[in-house]
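The values are calculated or read from the model by the stated rules, or taken from the named source; none is laboratory data. No experiment lies behind these values; they were computed from the predicted model shown. No Cβ is skipped: glycine too gets one built from the backbone with ideal geometry, and neighbour counts run over all protein chains shown.
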Amino acid sequence: MSDAAGSGGDAVALTLVTMTTGERYEVAGSAESIEAAIVGASRGSIMQLAWLTEAGTGRSIAINPLHVVALAAAPSATATG
């Protein structure tokens, strides 16, 4: 897995993941790739989590795919203006 968050100045696709609790996570990756990770986890074994990389911190987070209610493309990390 590449470290997109730390790659010298290139625009990084970000996605906002909203949970049933209302908590939101901004994660590295396009909405399509994050959706694929969440769908893959939901089709896996019971209680399989979707592992994502939190934007800004680079921290790995695991989310329960059954608790995701929305995905939205976020502005690029290097976007200005």
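Listing for the model above:
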quantity	calculated
Residue under evaluation Thr53, criteria (1) surrounded by 14 or more Cβ atoms within 10 Å (Cβ to Cβ); (2) modelled with pLDDT under 95; (3) β-branched (Val, Ile, Thr), criterion not met	(2)
The stretch 36-69 - residue that is assigned to a helix (DSSP H, G or I) and over 16 Å from Glu23 (Cα atoms) and, of those, farthest from the chain's Cα centre (by Cα)	Arg43
In the stretch 24-35, residue surrounded by the fewest Cβ atoms within 10 Å (Cβ to Cβ) [restricted to those that are in a helix (DSSP H, G or I) and among the aliphatic types (A, V, I, L, M)]	Ala31
Any pair with Cβ under 7 angstrom, 6 or more apart, that starts in the stretch 35-62 at a residue that is under 21 Å from Pro75 (Cβ atoms) and ends at one that is exposed (fewer than 14 other Cβ atoms within 10 Å of the Cβ) and modelled with pLDDT under 95	Gly58/Asp3; Gly58/Gly6
In the stretch 1-23, the residues that are of a type outside the set (Ser, Thr, Tyr), in a loop (DSSP other than H, G, I, E, B) and either at pLDDT 95 or above or more than 18 Å from Ala70 (Cα to Cα) (or both)	Met1, Asp3, Gly8, Gly9, Asp10, Ala11, Val12, Gly22, Glu23
